Amino acid sequence: MGLFGSFFAKFSRNKATPEDIDEFRRVLIESDIGAEFTEEIIKLVEKERAEVLEEKVTEKILGSLSQSARSIELKPAGVTTILVVGVNGTGKTTSVAKMAKLFKGEGKKVLLAAADTFRAAAVEQLSTWGERIGTPVVVGKPNGDPASVAFDAATKATSEHFDILIIDTAGRLHTKNNLMEELTKVRRVVEKVTPIDEVLFVLDGTTGQNGVTQAKSFMEAVTLTGLIVTKLDGSTKGGIALATERTLQVPVKLIGTGEGEGDLEIFEPSAYVADLLTQP
Ligand SMILES: Nc1nc2c(ncn2[C@@H]2O[C@H](COP(=O)(O)OP(=O)(O)OP(=O)(O)O)[C@@H](O)[C@H]2O)c(=O)[nH]1
Ligand SMILES: [Mg+2]
């Protein structure tokens, strides 16, 4: 990514001029890292000696991140249940398929639930992924109750001894329904059968600061345990990942780097920050 790299290369050679600082501020803001955080980083640039600047900025960013575990821990026994939420078009269904592929590759028995009953195409989309990856998908009736699909899937997952259940949800509903109420209901109903271990919020890495606002409203409804930041391939706006994690103190666990089933990576904050600061 190297988004800030050219600046750090410059700052390590010469003291930053006011023009350099203005330009760097603009790049930070455009990266969606957030206005407040931008000013904190600018302060370091103004204050710290060139030789230690990179180290100080790295420390600052890493120190602001969530201290919670980033790995998706699978339960030693019983089904590990993952609920995937987020606004429409962010990459939920694709990320569900990518996770299924990842866990299947580790030899796990994975079940998917198509609890986005709002669009017929959504069920088809997940079923197609399921066929491609070789993972069964529980589907319901078109426009049926998403909670009932999730309940059926949870029942099947426990009785047939699956290792992992991943539930895909809608990003949008008919206006008469409330998405947050729907998600709380899905959660409540599934938990009659088995606890939900992870609630992953899918954030489109190319959205602006609005992503933080979205994440907050989901956080209130279903208590998120992690973030999946998608579309980080070829994007220079990945700063939203750091801004959201910092604001919510919910760790980024996975990142999406393409449309293919293999395009999912475990998020490594040190490597990510080092990447931001190295020269492109
Ligand atoms: N480049 C890129 N595209 C992605 C990534 N993840 C998802 N997409 C694309 O984004 C579009 C939307 O993805 P979906 O998985 O259908 O998104 P969704 O959140 O399930 O959408 P709704 O079900 O409508 O709410 C698709 O065209 C995906 O191929 C990614 O990491 N990189
Ligand atoms: Mg979807």
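Every number in this text was worked out from the coordinates using simple rules, so none of it is lab data. Computed from a predicted structure; not experimentally measured. Ideal geometry is used to build each Cβ from the backbone, glycine not excepted, and the neighbour counts take in all protein chains shown.
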- Item | Loop-located trypsin sites (Lys or Arg not before Pro) in the stretch 139-230 whose Cβ has at most 14 other Cβ within 10 Å (DSSP) | Arg172, Lys176, Lys192
- Of the GluC sites (Glu not before Pro) in the stretch 58-166, those whose Cβ has at most 16 other Cβ within 10 Å and which sit in DSSP loop: Glu73, Glu106, Glu160
- Candidates Gln67, Gln125, Gln209, ranked by Gaussian network fluctuation over the chain, Cα under 10 Å, top entry: Gln67
- Any residue on another chain or 5+ positions along whose placed amide H is under 5 Å from the amide H of Val202 is listed here as Val85, Gly86, Ile228
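Say the cut-off is 23 Å between C-alpha atoms; which of Lys60/Lys98; Lys156/Lys192; Lys75/Lys98; Lys192/Lys253 go over it?
On the way: Lys60/Lys98 32 Å; Lys156/Lys192 13 Å; Lys75/Lys98 20 Å; Lys192/Lys253 27 Å.
From Lys60/Lys98; Lys156/Lys192; Lys75/Lys98; Lys192/Lys253, over 23 Å: Lys60/Lys98; Lys192/Lys253.
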- Note on the structure: With Cα coordinates, the longest principal axis of the chain makes an angle with the long axis of helix 239-248, in degrees rounded to 10, of 70 degrees
- At 222 nm, what helix-only mean residue ellipticity would the chain give, in deg cm²/dmol to the nearest 500, using -39500 (n - 2.57) for each DSSP H run of four or more? -15000 deg cm²/dmol
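Could you check what % of the DSSP bridge pairs in the chain are antiparallel, to the nearest 5?
Details: 3 of 28 bridges.
Around 10 percent of the beta bridges assigned by DSSP in the chain are antiparallel ones.
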- Item | Part-to-part distance (alpha-carbon centres) for the stretch 1-57 and the stretch 185-215, which is given in Å | 33 Å
- Query: Cα centroid distance between the stretch 227-280 and the stretch 88-115, in Å?
  - Reply: 18 Å
- Message: Name the residue from Asn14, Leu62, Val27 whose Cα lies farthest towards the positive end of the charge dipole of the stretch 5-63, charges +1 on Cβ of Lys and Arg and -1 on Cβ of Asp and Glu.
- Response: Asn14
- Message: Using the Karplus curve 6.51 cos²θ - 1.76 cosθ + 1.60 with θ = phi - 60°, what ³J(HN,Hα) values do you get for each residue of the stretch 212-223, in whole Hz, with x for Gly and Pro?
- Response: 5, 4, 4, 4, 4, 5, 5, 4, 5, 7, 10, 6
- Query: Is the shape of the stretch 5-63 best called rounded, prolate or oblate, per the rule: a/c under 1.5 gives rounded, else a/b larger than b/c gives prolate, else oblate, with a ≥ b ≥ c the square roots of the Cα gyration tensor eigenvalues?
  - Reply: oblate
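Which of the GluC sites (Glu not before Pro) found in the stretch 193-280 are in a DSSP loop and have at most 12 neighbouring Cβ atoms, other than their own, within 10 Å? Numbers along the way, then the final one.
Working: sites: Glu198, Glu220, Glu245, Glu259, Glu261, Glu265; in loops: Glu259, Glu261.
Those that pass, being in a loop and sparsely packed, are Glu259.
Quote the charge dipole size of the chain about the Cα centre in Debye, to the nearest 20; the model charges only the Cβ of Lys and Arg (+1) and of Asp and Glu (-1). The partial results should precede the final answer.
Working: 33 positive and 40 negative charges, 117 e Å.
Once rounded to the nearest 20, the dipole reads 560 debye.
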